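Heads up, the thing below is written out as structure tokens.
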Amino acid sequence: MFVKYLIFFILAFESANLCAFFSDYMYDSKIMGMGLSGSAYESVFSFKYNPALAGAVRDPSVAISHSGSHFSASSNEKIRTISFDAVVPSRIKIWNMSYSLDYSSVYGEEYDQRVISLGAASWHLRDFGEESLDGGINLKSLSLKGPNGISESKMAADIGAVFRLRDYQIGFSILNFNAPTFSQSKAKAAKTMKFSLAKIREDYSLCADLSKRDFPDNNYTISAGAERFFRLYEGGVILAYAGLGAGDNKTFASFGGGYKKMSYEIAYSFSLPLNGAMSIANSVSFSFRFGSNDEETEYQKLISMEMKYRRDLMTSLDRSEGERVRLQKELHQMREEIERLYEIIKKEKGKISELEESRKKLSDIVKRHNQSQEELRLLEEKRRQERLKQIEENYQLDWKNYIKMKNSNASKAALKGYVQKIISQYQGLGVDISEAALEMQ
């Protein structure tokens, strides 16, 4: 008997680790069709993923949905979900509030999960011009039923906030904030943190989510989705969804569509896994809004849309005017800078012309200098040749005089003295005095 119960608890523990309990399932067709990226997107079902989003529902609304799948964003598990949701807005003193009610059942192969949630969210809790900040909370009763009579209940809470900008919404939420653990099954409600960004326009919406779950393992999912509106002539709207999710445990693509008219909306979507075994997830949902079933509301929306378009146009024109003034100022500054650069270039051109003229003058001076040096060299050479010629003539004259003295029978002492004088006078002057040298011998 002990072994039987031990095996049962081991199998229960293993199955608990393979499944995600009370996680961010794809309850709604719109959320599934947009790839589970609804933590900043405003719809009746969105408060399940971010409690603060219930504040945007300003008319009493109810919704019901059914989905079936062989996988979730965090694990492979065959589940079927049924959800009933209601949001009721009210006004307390100067605060606008919305109260939410959720009843969801998730049927698995071994475990069934049930959630009963009561929540509250603000609407424009803090305004900052065209921007606002809101918060919300969901108090939940979590019930888990499993094999062999397992039945447990725990309390949990979701908290969230949304910051609404002019064209974007930023959301942050923590689901199952206290992450309760079920003692009999060893299961744990998955604590999920979500950070999201959404851009919501009159004819389309874009969303992106980052989710982190701590059960069955610390896994992440990055998802993105888009919604497109096609308005019909009779006043209805056709909706189209597409989304993609990529995570540690599962990657999937989603598509869907719907129809909205006056106060009701019906939608269908399906999701296909991109890894693991091939299967398909389906979801169909229906929502109804009370108190706005007349056409006047639609006309008011059209008028408000037109006024918003006009405001956007005026803002765009103001921005364009400011941009035009800024560009004119930049052009004026650029024109002044161009003129200044032209002046600098003109001055530099003048300096270049002066430099070129100086270079030419220097070249002429160097050329004349070289010519003068050559002329001086030639003149010196001519003077040297003339001087040498004069010395040779003087030597020849003195040598003739010596020959005359010798022929006139002059004394030997006089002849020797005269020869010595000739040698000493002309020696080293470039004159050939070899005759005098021989005579001296």
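Details
- Computed per residue of the chain from DSSP H runs no shorter than four, each worth -39500 (n - 2.57), the mean residue ellipticity at 222 nm is -13000 deg cm²/dmol.
- Listed by chain and number, the lysines placed with their C-alpha closer than 23 angstrom to that of Lys406 are Lys416, Lys421; residues fewer than eight positions away on the same chain are left out.
- Vicinal HN-Hα couplings computed from phi for the range 114-126 (Karplus, 6.51 cos²θ - 1.76 cosθ + 1.60; Hz; Gly/Pro x): 9, 10, 10, 10, 10, x, 9, 9, 8, 10, 6, 4, 9
- Cα→Cβ-extended label distance, 7 Å offset, between Ser141 and Leu376, nm: 12.3 nm
- Restricting the range 167-241 to GluC sites (Glu not before Pro) in coil, as DSSP defines it, with at most 11 other Cβ within 10 Å: Glu234
- Cα-centre dipole for the range 294-399 with unit charges at Cβ (Lys and Arg positive, Asp and Glu negative), debye to 20: 700 debye
- Per-residue extension of 0.36 nm, minus the Cα-Cα distance of Glu202 and Val325, leaves a gain of 41.1 nm for this segment.
- Ranked for footprinting exposure by Cβ neighbours inside 10 Å, fewest first, Ser271, Ser69 give Ser69, Ser271.
- ³J(HN,Hα), Karplus 6.51/-1.76/1.60, whole Hz, each residue of the range 42-58, x for Gly, Pro: 8, 8, 5, 8, 5, 5, 5, 9, 8, x, 5, 6, 5, x, 6, 7, 9
- Distance between modelled label sites at Arg310 and Leu438, nm, 7 Å Cα→Cβ extension: 13.7 nm
- A simple spin-label model places the labels of Lys351 and Leu317 5.2 nm from each other, with each point 7 Å out along Cα-to-Cβ.
- Residue-wise HN-Hα coupling along the range 30-41, computed from phi with Karplus coefficients 6.51, -1.76, 1.60 (Hz; x: Gly, Pro): 5, 5, 5, x, 9, x, 6, 10, x, 7, 10, 9
- With 0.36 nm allotted per residue and the present C-alpha distance subtracted, the His332-Asp167 stretch has 55.9 nm of extension available.
- Taking Cα centre as origin and charging only the Cβ of basic (Lys, Arg, +1) and acidic (Asp, Glu, -1) residues, the dipole magnitude of the range 38-147 rounds to 300 debye.
- Gaussian network model of the chain, springs between alpha carbon atoms under 10 Å - residue of Arg310, Arg387, Arg58 with greatest fluctuation: Arg387
- Max mean-square fluctuation residue, GNM over the chain, Cα-Cα springs under 10 Å, options Tyr168, Tyr309, Tyr259: Tyr309
- Residue of Leu118, Leu53, Leu232 that the Gaussian network model of the chain assigns the largest fluctuation, springs spanning Cα pairs under 10 Å: Leu232
- Top positive-direction residue, dipole computed over the chain with Cβ charges, set Leu327, Phe177, Leu118: Leu327
- When each of the peptides 397-405, 171-179 is scored by the mean number of other C-beta atoms lying within 10 Å of its residues, the order from highest to lowest reads 171-179, 397-405.
- Positive-pole candidate from Ser285, Ala242, Ser269, dipole of the range 225-362, charges at beta carbon: Ala242
- Nearest 10 degrees, 0 to 90: helix 412-426 Cα axis against the chain principal axis: 20 degrees
- Remark: Ile137, Ile280 ranked as Ile280, Ile137, counting other beta-carbon atoms within 10 Å and listing the fewest first.
- Segment Lys406-Thr181, length gained on full extension (0.36 nm per residue, minus Cα span): 65.6 nm
- Along the axis of the charge dipole computed for the range 294-399 (Cβ charges of +1 for Lys and Arg, -1 for Asp and Glu, origin at the Cα centre), the listed residues Leu397, Ile365, Leu379 are led at the positive end by Leu397.
- Cα long-axis angle, helix 2-18 against the chain (0 to 90 degrees, to the nearest 10): 50 degrees
- Each Lys and Arg adds +1 at its Cβ and each Asp and Glu adds -1 at its Cβ; summed about the Cα centre, the chain shows a dipole of about 1740 debye.
- Under 5 Å, built H, 5+ apart or other chain: amide partners of Glu77: Phe71, Ser72
- When Ser411, Ser223, Ser279 are sorted by how many other C-beta atoms sit within 10 angstrom of their C-beta, beginning with the fewest, the order is Ser411, Ser279, Ser223.
- Square roots of 5 times each gyration tensor eigenvalue, C-alpha, the range 294-399, largest first, Å: 99, 10, 5
No value in this document is a laboratory result; all are computed from the given coordinates. As the structure is a computational prediction, the values presented were derived from the model and not from experiment. Note that each Cβ is placed from the backbone with ideal geometry, even for glycine, and that neighbours are counted across all protein chains shown.
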